Amino acid sequence: MKKIIKNIDKGVLFMLLASLFFAIVGAFAKILSRQMPSVEVVFFRNIISLVFVVSTIYKYPIKQSGGKPWLLFFRGFMGLLGVLAFFYNIAHITLADAMTFSRTSPIWTAIFAYIFLDEKINKRGWIAVFIGFLGVVLIMKPNGLSFSKTDIIGIFSGVAAALAYTSVRELRKYYDTRIIVISFMAMGSLFPALFMWISDYYKLPSLDFIIAPFVLPSGISWLYIVGLGAFAALAQIYMTKAYGETKAGIVGASSYAVILFSIFVGVSLGDSLPDMIGFFGIILVVLGGVLVAIK
């Protein structure tokens, strides 16, 4: 029993560290977004992390069977769209709200797993989904049926991430985890570079979270870029360690600490604290996500 408790504590500790690092990544992204478009921030975040992950192949060779290239592409592309939407919202709304929108992904994942993978959802699971959606509505505070651009993009960030995560469940049968991550980061570097090049020829204001011009970083921005990539890599490492130490449900529930960290980090960067309705909405999203994670 002592050993089990010790392992649980270690897994939770690793996830709390990962959550803190994810919040710091959000802080770097928010600072950099004041000087460059969010699509460029995504480009730098992925290309630095890509170098780190690829370097592990030399020490630990890849073993896999392969055979699902289009599903691998789908996972990478949906993951990229989710990150593009997430980083856009970081630049335009509070870090806590942006993080909460993205953390609806476990709720969406449960629904997509039910639809595409024939995974059952019991009564408690559907209650959790409803609680999570109610929380999203309170955060958005819609005026009738009118939603802001950041509301729509925020929901999309959770949906896209959920589609990516759902596909990973199938891909893990065929590919080394690093190949799945590398494909995502490679697409997360290539496509943003392509989108920034396209912006020289096409101006699409409604798609500014995808298509925007490249801005050459200068001065301290390079330090922030290095910090962005370094903490993103650290967050991935400790998140992986957490899932290796403790049951996924416990770790998944612990991961919602990222929202609390994001509130404090965001306020330190000038974000306002959530009002009572928004704060209650965050609590409901966390509650819904935790119930799904434990299930």
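Throughout, read-outs are computed from the coordinates displayed, never taken from laboratory work. Please read all numbers here as calculations on a predicted model, not as lab measurements. Because the Cβ atoms are built from the backbone with ideal geometry, glycine has one as well, and the counts that use them run over all protein chains shown.
Here the ratio of the Cα radius of gyration of the chain to 2.2 N^0.38 Å is 0.98. A protection proxy built from the mean count of other Cβ atoms within 10 Å ranks the segments 90-97, 219-226, 69-76, most packed first, as 90-97, 69-76, 219-226.
About the centre of its Cα atoms, the chain shows a dipole size close to 1060 debye [charges on the beta carbon of Lys, Arg (+1) and Asp, Glu (-1) only; nearest 20 debye]. For residue 203, give me every one of the aspartates and glutamates with a C-alpha distance below 18 angstrom, ignoring sequence neighbours fewer than eight places off in its own chain. Here the aspartates and glutamates satisfying the reach criterion relative to residue 203 are 40. Under a Gaussian network description of the chain, with springs only between Cα atoms under 10 Å, the residue in 13, 163, 84 that fluctuates furthest is 13.
Cross-link partners of residue 173 among aspartates and glutamates, defined as those whose alpha carbon lies under 19 angstrom from its own and excluding same-chain residues fewer than eight positions apart: 118, 119.
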